[in-house]
Amino acid sequence: MPSANYSTLLRTPGAKAFYLTAALGRIGIAMTGLGIVWLVQGRTGSYAVTGMVTGGCAIGDAVAGPQLGRLIDRFGQTRVLPPALLAHAAAVATLLALVLCSTSTWLMTAGGVLVGATLPLLSAASAARWAALLHGDRAAELPTAFALESLANALGYLVGPALVSALGASGHPVLGTALAATLVVAGGLAFAAQRGTAPPPAPASTPHTRAARSLLRPGFAVLVALNLAIGVYFGALQLSVTAFAVEHHAAASATPVFAVSSCSGLLAGWLYGLRRWRMAPRTQLAVATAVLAPASLLLLAATTPLGLGAVVLVTGATIPPVLVLFSVLTESTVHRTVLTQAFTWLGSASVAGSAGAAALSGWAIAASGARGGFAVAITAAAAMAALAAVGIRRPYRSVSCP
């Protein structure tokens, strides 16, 4: 067991304040996409229009996220986040007005792009604060801190979608979208107000430091590709589980199947963060993805919702350690002054993979049923295992510069 567990990490001066405020904002972020679905579908009655607007939100998030991360690294979290959060509030208000006034599809889609482009980078910013706090003699505690971050994300994506779905199903989709924006802005502003733990802005660049801070590194490229693949895995699995439940005339069973996967992941992530692992992170990643790939093949063997639940119990437990290791390896691969930007590139890759998987697995399900969608997820898991093996042959290296 490590010398520092979750409670001692949160007793680090300033840690609890920024962690909890970021967690509040993350609940709102987890509500945003699904809130738009309830809002647009309820107003227009068209899934095609809903897909356009939510897709625009995802594209805006994926494209603008790394640029906002670069600004944060250059000028600091406390200077960049407040105006970005106010812009997000204005974007959500604009989208609500466009939808309620039943404007054209393209205008609503543009509103969705604005909402996604202004979503704050609370997960990346919080992870960057842990890296700044736990440097030097405390660097060995970073995996535990990143596991704590993973737990906050998982809890956010359990609570947020359930809350916004309850409001949407009860006939209050506008309230769901407004509440999501309120949580994002309130949590984000409270997070930005914690100035004592914010990483300092990057100093002026020189030719030497620009080269050292570059993200164009083989190890980081592997991590971006891994996040793209895991986005495809998540996107394909979400659609395929729903299709499987419908095929077996048990549409309601999709919810408990997702819940089993989420709870399994929460438990696995919590236990993973409690242990000090002797194995190198890149080797751990190769082992975890090597387990996920064959475990995912069991999806094709499931014949009942109960059997599918047993499979996702195993695959869901494998995902949190993988996500934690992505953060650990990123921190050791890029320079500390570009960490926020690096974390947002990983998030953007995951969002892009998930968006692409929605179209690809939808086509596969239409052609071959839920098994076709599962095949997309299995292919993504196999790609992760292959990429992790490439990462071992091309070791990740820490970067340092003045």
Original post:
What is the distance, in nm, between label points placed 7 Å from the Cα along the Cα-to-Cβ direction at Ala186 and at Thr44?
Top reply: 3.0 nm
Original post:
What does the charge count near Gly156 come to, summing +1 for each Lys or Arg and -1 for each Asp or Glu among other residues with Cβ under 12 Å from its Cβ?
Top reply: 0
Subject >> Span per principal axis, largest first, for the Cα atoms of region 117-191 (Å) >> reply: 53, 21, 20
Original post:
Once the Cβ-Cβ distance between Ala250 and Arg276 is put in as r, and R0 is 60 Å, what FRET efficiency do you end up with, to the nearest 0.05?
Top reply: 0.90
Original post:
To the nearest Å, what is the center-to-center distance of region 3-49 and region 214-261, using C-alpha atoms only?
Top reply: 18 Å
Subject >> Overall form of region 11-201 per C-alpha gyration tensor (a/c, 1.5; a/b vs b/c) >> reply: prolate
**OP:** With 5 Å bins from zero, work out the P(r) of region 212-396 over every alpha carbon pair and list the percent per bin.
**Re:** 1, 9, 16, 20, 20, 15, 10, 6, 3, 1, 0, 0
**OP:** Report the full-extension gain for the segment Ala366 to Val287: residue separation times 0.36 nm, less the Cα-Cα distance, to one decimal in nm.
**Re:** 25.1 nm
Original post:
How high is the relative contact order of region 212-396, in percent, with contacts defined as C-alpha pairs under 8 Å that are six or more residues apart?
Top reply: 48 percent
**OP:** Obtain the radius of gyration and the Kirkwood radius of region 11-81 from its C-alpha atoms and give Rg over Rh.
**Re:** 1.12
**OP:** Take the alpha carbon atoms of the chain, find their radius of gyration, then divide it by 2.2 N^0.38 Å using N residues; give the quotient.
**Re:** 0.96
Subject >> Anisotropy class of region 46-109 from Cα gyration tensor, a/c 1.5 cut >> reply: oblate
**OP:** Let me know the shape class of region 292-373, please: from the alpha-carbon gyration tensor, a ≥ b ≥ c as square roots of the eigenvalues, rounded when a/c is under 1.5, otherwise prolate if a/b is greater than b/c, or oblate.
**Re:** oblate
Original post:
Quick one: if the Förster radius is 35 Å, what FRET efficiency do Ala17 and Thr105 give, using the C-beta to C-beta distance and rounding to 0.05?
Top reply: 0.25
**OP:** Could you grab the relative contact order for region 11-201? Cα pairs under 8 Å, six or more apart, rounded to a whole percent.
**Re:** 45 percent
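Quick note: the coordinates plus some simple rules give every number you see, no bench work behind them. The shown structure was predicted, so the numbers you read here are calculated from the model rather than taken from an experiment. Methodologically, a virtual Cβ is constructed for each residue, glycine included, from the backbone with ideal geometry; neighbour enumeration extends over all protein chains shown.
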